[in-house]
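S.K.: Structure in structure tokens, see below.
What follows is calculated from the coordinates using simple rules that are stated; it is not laboratory data. Just so it is clear, the structure is predicted and the values come from calculations on it, not from any experiment. Ideal geometry is used to build each Cβ from the backbone, glycine not excepted, and the neighbour counts take in all protein chains shown.
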Amino acid sequence: MSRLSEALEQIGFVRRYTLERLDTVPLADWFTVPPGGVSHVAWQAGHLALTEYRICLVRLRPRAPEDEALFPVDAYMKLFGAGSTPGPVADYPPAAEIRAALDRVHARVLAELPVYPDADLDLEPLIPHPLYTTRIASLRYAPLHEMLHCGQIALIRRMLGHKPVW
């Protein structure tokens with residue numbers, strides 16, 4: 001199995017795992033911060049859409065004009081980027097739109113990456129990151145990052161009264 005295929009397999013596995021949890025939270029509950037909590041599902045999902053885009057696409061190839069069809073990139077950077085915190089519902093797109101953006105980004109990753117040149121995987125990412133120095137490392141980091149946020153989604157949904165998903 002190639003390095004790229006292995007990375008894509010892990011990205012796909014973690015996304016399926018995340019969706020098993022995410023899709024059990026009704027969209028009406030996405031903006032609820034549970035008592036004692038610090039985040040809501042909408043922020044977690046928007047953050048995953050943004051970071052999959054940044055980790056798997058624009059660190060491997062330049063930002064493209066058609067990327068705006070995935071989600072409004074600059075607005076998502078402000079709402080869901082590093083250092084942002086969950087805010088009032090009125091500041092966000094509807095939960096269904098955030099969920100759709102998550103799907104669009106993932107579909108783009110799965111469409112673009114299978115043909116990514118193996119020789120380019122050892123190059124530095126186009127946008128530096130403090131945790132890795134190659135593009136293949138960026139792709140290997142993507143499922144690790146998503147799993148961290150999947151755990152947060154799982155905790156939020158439990159705090160909202162949902163039974164665990166195994």
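S.K.: Over the chain, what is the mean sequence separation of C-alpha contacts under 8 Å (at least six apart), divided by residue count, expressed as relative contact order in percent?
M.R.: Numbers: 167 pairs, mean separation 65.8, N = 166.
Computed value for the chain: 40 percent relative contact order.
S.K.: Now, a different point. What list of ³J(HN,Hα) couplings, whole Hz, do you get for the stretch 141-146 from phi and the Karplus terms 6.51, -1.76, 1.60, once you set θ to phi - 60° and write x for glycine and proline?
M.R.: 3J(HN,Hα) across the stretch 141-146, in whole Hz: 6, 3, x, 5, 4, 5.
S.K.: Output ³J(HN,Hα) for the stretch 27-37: one whole-Hz value per residue in order, computed from phi by the Karplus curve 6.51 cos²θ - 1.76 cosθ + 1.60 with θ = phi - 60°, and x for Gly and Pro.
M.R.: 3, 5, 9, 4, 9, 8, 8, x, x, x, x
S.K.: Moving on. Rg to Rh for the stretch 89-166: what is it, with Cα atoms only and Rh by Kirkwood? Write out the running numbers ahead of the final one.
M.R.: Working: Rg = 16.4 Å, Rh = 15.4 Å.
Answer for the stretch 89-166: 1.07.
S.K.: Answer with one residue from PHE13, LEU160, TRP43: the one whose Cα lies farthest towards the positive end of the charge dipole of the chain, charges on Cβ with Lys, Arg +1 and Asp, Glu -1.
M.R.: LEU160
S.K.: Please give the Cα centre distance for the stretch 1-25 versus the stretch 53-89, rounded to the nearest Å.
M.R.: Computed from Cα coordinates, the inter-centre distance equals 20 Å.
S.K.: To continue, here is another question. Using only DSSP helix segments of four residues or longer, with each worth -39500 (n - 2.57), what per-residue ellipticity at 222 nm results for the chain after dividing by its residue count and rounding to 500? Don't jump to the answer; show the numbers that get you there.
M.R.: Working: 5 runs with 87 residues, N = 166.
Rounded to the nearest 500, the figure is -17500 deg cm²/dmol.
S.K.: Let me ask something else. To the nearest 20 debye, what charge dipole does the stretch 3-159 have about its Cα centre, counting +1 at the Cβ of each Lys and Arg and -1 at the Cβ of each Asp and Glu?
M.R.: Values: 16 positive and 19 negative charges, 67 e Å.
Rounded to the nearest 20 debye, it is 320 debye.
S.K.: Treating each Cα of the chain as an identical point scatterer and ignoring solvent, apply the Debye formula and state log10 I(q)/I(0) at q = 0.09, 0.14, 0.19 Å⁻¹.
M.R.: Relative scattering, expressed as log10 I(q)/I(0), comes to -0.29, -0.71, -1.23.
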